[in-house]
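Everything below concerns the one structure shown next.
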Amino acid sequence: MRKFTAMSLLRNLIFVVLLLSIAAGLGYLATQYHLQHDLTQNASNSLGPASVGVLGQLGGPVNITVYATEQDARLGDIRKIIRGFLSLYQRYKPDINLVFVDPEKEAERTRAAGIQLNGEMVVEYAGRTEHLTQINEQIVTSTLLRLAHSRDQIVMYLDGHGERKLDGIANHDLGSLFGAKLKQNGFHLSSLNLALAQEVPGNASVLVVAQPRIDLMPGEIDKLLRFVDRGGNLLWLLDAGPLHGLEPLAEKLDLQLPPGIVIDPAATGMNVPSTWSLGATYPPHAITRNFNLITAFPLARPLMWNENPDWQHHVLVEVASRGWVSRNMPADDHSSKPPAFNRRQDTPGPAVIAMALQRHINDRDQRIVVVGNGAFLSNSYSGNGGNVDLGVNMVNWLAGEEHLITLQPRSARDSSLELSRTELNVISIGFLLVLPLMLGGTGGYLWWRRRRA
C-alpha cells in the first residue's frame, strides 16, 4: 500500500513538473514570437494587405505626436482609442514611435505645432510632416503613402482645347475620383496650356493628354513632340474619333489607331452595354502586378503599333476575346439595338486597348502609357470596378514610383444581426433554461453512476 502511495505521489510530482515546464516554455515562446489571428468577419482588427505593403516601403522610423487630453468630453479616453488603433500599425512596423502631449499642460508647444483640435496628430517621416484630425485605416495609410514619396511629383494635364480636366467636376472630367486620389497619394496637379507656355516644364513628372475637342495648333504640337524627344513621361487617353491635331504624336510613338469601337459581348452578362469593354485578366507588368479588379472602358478604341527597336511595348489591357472591333458604331453606348458582327468591315477580337512604352533616352528611362479610352477615368465612369486603381497605378509607374501601391479599402460586410421575437425567445430559453438543465442533468447522472460504483 505504501509502495502504491509513493508511486502515485511520484507520478503526480512528475506531472506537475512537466506541466510547469510546459507552461514556462510556452510563456517564454510567447515573449519571443508573436502569433495572432483575426477571426472577425471583416478582419476589423487587422490591417489590409495594401497598408502592410505601404509600411514595408518605409525604411526609417515614423514619429507620431498626438495632442490629446487624457479625457475628452465627447469621446472619453481618446488616448486609449488612438493608442489601440495605431498598435495595428506598430505590429507590422515596431519603429512607429507614439508620443502623447496634453495641450492643456503644454499649451506653448501645442500652439507652436499649429494644433487646432483635441486629438490632432502630427505624423513625421524622413523630414516631412502631415497633420491628421481623423483616424481610420484609409486616412492613416494614405498619409504614410504621401510621406513615402521620395520627391515632389507634379502631374500636369493639357488644357485649353476642351480636354478632360484632372481637377474638374463635370461628368466628362477626371477630378472627382481619379484626380482626388492622385492628390490624396501626394501628387500635385497642374494645368498646362501650350499656347501660353514656352515649353512643357521640366519639373513635370507626368503629362496627361486627354482627348481634345478642337484642333491643337502646330506650335503646340511641336512643344509636345519636343517634350517626348527629351524623354518626358506621358499618359495619353485616347477616345474614339478624330485626333484633332495629335496625329504627329501617334507617328512619333509608332502607333496605329484604326477606326472603330470595341464590342464585348461579355459585358451584357454584367448588365452593361456591349459597347463597354471589360478587363478581367491582365498581362504581367509593374502596373498590373497583383491587380485583379474588373475594369470597364465605355466606347474604347483599339490600339496597334509598328515594331520599333527603340521602344519596348507591353500590353496592359486586352479585351473582347469573343468580341470584335466595329467600324460603324455610333459614339453612343445607349443604343437599344444590339450590335452585330459584320464580316466585311469588322475585325474579330481580342483587342488591345491599353499599352505601355518604355525606352532609355538622354540618360533616363522614358515611360509612356496609351489608353484607347479616356471615359474610364471620367467622373461618370471611374467608380466602376478598379478603374481608379488602375489609373493611379499607371501614374505611379510613369512617375517612377510603382513601389507605392494604391490603397484599396476593404469592403465592409454586413455585421448586423436581425432576429425575430420567436428566434430571440428560442435563444433565451435555450441558454437560460435548457442548457443549464442539460448540464445539471449530466452532472447528476455522472454523480449517480459513481456513487453506485
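The values are calculated or read from the model by the stated rules, or taken from the named source; none is laboratory data. Remember, predicted model here, so these are calculated numbers, not experimental data. Note that each Cβ is placed from the backbone with ideal geometry, even for glycine, and that neighbours are counted across all protein chains shown.
Taking the numbered list (1) assigned to a helix (DSSP H, G or I); (2) at pLDDT 80 or above; (3) more than 23 Å from Ala148 (Cα to Cα) in turn, Leu9 passes all entries but (2).
Look at (1) surrounded by fewer than 15 Cβ atoms within 10 Å (Cβ to Cβ); (2) under 33 Å from the mean Cα position of the chain (by Cα); (3) under 18 Å from Leu357 (Cβ atoms) and you find that Pro201 fails only one, number (3). Note on the stretch 81-102: among residues that are over 25 Å from the mean Cα position of the chain (by Cα) and among the β-branched types (Val, Ile, Thr), the one that is nearest to Gly56 (Cα to Cα) is Val99.
Can you confirm whether Tyr92 is buried (at least 19 other Cβ atoms within 10 Å of the Cβ) and not assigned by TED's automatic domain parsing to the domain that holds Asn393?
no
Could you tell me whether any residue of the stretch 346-356 is in contact with a helix residue (DSSP H, G or I) (Cβ under 9 Å, 6 or more places away or on another chain), assigned by TED's automatic domain parsing to the domain that holds Gly279 and modelled with pLDDT under 95? Looking through the stretch 346-356, none of the residues is in contact with a helix residue (DSSP H, G or I) (Cβ under 9 Å, 6 or more places away or on another chain), assigned by TED's automatic domain parsing to the domain that holds Gly279 and modelled with pLDDT under 95.
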